[in-house]
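Heads up: the structure comes next, in structure tokens.
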Amino acid sequence: MIQIFTVGGTIDKVYYDANSEFEVGHSLLPELLSESNIHEGYRLRELMRKDSLEIDDSDRQAILQAVEACDCERIVITHGTDTMADTASILSSLKDKIIVLTGAMQPARMRRTDAIFNIGFAWASVQLLPPGVYIAMNGELFEAGAVRKNLKAQRFERT
């Protein structure tokens, strides 16, 4: 069984025309999994619905506590990309689980999104990796504590 936690981020953003801006909405993850023909073998739980720039240390502690309390060995967390590396670092104290964080550079609701690929990549990665904390983005795996988001290039890179 794989536990999937959602915390928000670009992957779950919705465009609200009245406000002319994107806001984090309901997660599309159940639809993304179904479109990928993944119908079982997971539990899904929303922890929060925040842009990652709004996630603070107390939120990271809540994520850590949820992961610690989880009885699954394999965990996927959807998270905003701007502070994903910070959350991965906090989770790196956990040594007995396989934890993979992923997200998207473009909202899942947009036609040209990387969300579907990243979810599939994270799904496969969490089943194949040894215990540890990883970021799975755009076909690359990064270990927690050794990764950063390059804002200018809009990609993750090793530090």
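Some observations on this one:
- For the stretch 74-159, fraction of C-alpha pairs farther apart than 20 Å, in %: 26 percent
- Taken as entire DSSP H runs, the helices of the chain never both span 24 Å or more between Cα atoms along their own long axis and average 0.5 or more on the Kyte-Doolittle scale.
- Once all protein chains are placed together, Thr81 keeps about 10 Å² accessible to a 1.4 angstrom probe.
- Of the accessible area of the stretch 65-142, computed with a 1.4 Å probe over protein heavy atoms only, carbon and sulfur atoms account for 51 percent.
- Where labels lie 7 Å past Cα in the beta-carbon direction, separation of Ala69 and Leu128 in nm: 3.3 nm
- If both residues of a DSSP beta bridge must be in the chain, then about 40% of such bridges are antiparallel.
- The chain, helix-only ellipticity at 222 nm - DSSP H runs n ≥ 4, -39,500 (n - 2.57), divided by all residues, nearest 500: -8000 deg cm²/dmol
- When nucleic acids and ligands are ignored and a 1.4 Å probe is applied, Ile119 ends up with an accessible area of around 10 Å².
- Around the amide H of Val100, modelled in the peptide plane, lie the amide H atoms of Ile75, Val76, Ile77, Tyr134, all under 5 Å away and 5 or more residues distant in sequence or on another chain.
- Distance from the Cα centroid of the stretch 94-120 to that of the stretch 56-87 is 14 Å (rounded to whole angstrom).
- Stretch gain in nm, segment Ile38-Gln61, where the contour uses 0.36 nm per residue and the Cα spacing is subtracted: 5.3 nm
- Sites matching GluC sites (Glu not before Pro) across the stretch 1-107 that sit in DSSP coil, with at most 10 neighbouring C-beta atoms within 10 Å: Glu40
- Just checking the listed ones, Lys95, Lys13, Lys50: in the Gaussian network model of the chain with Cα springs under 10 Å, the one fluctuating most is Lys95.
The values are calculated or read from the model by the stated rules, or taken from the named source; none is laboratory data. These figures come from a predicted structure and were not determined experimentally. Note that each Cβ is placed from the backbone with ideal geometry, even for glycine, and that neighbours are counted across all protein chains shown. Note: areas computed on protein heavy atoms with side chains; ligands, DNA, RNA excluded. Shrake-Rupley method; radii C 1.70, N 1.55, O 1.52, S 1.80 Å.
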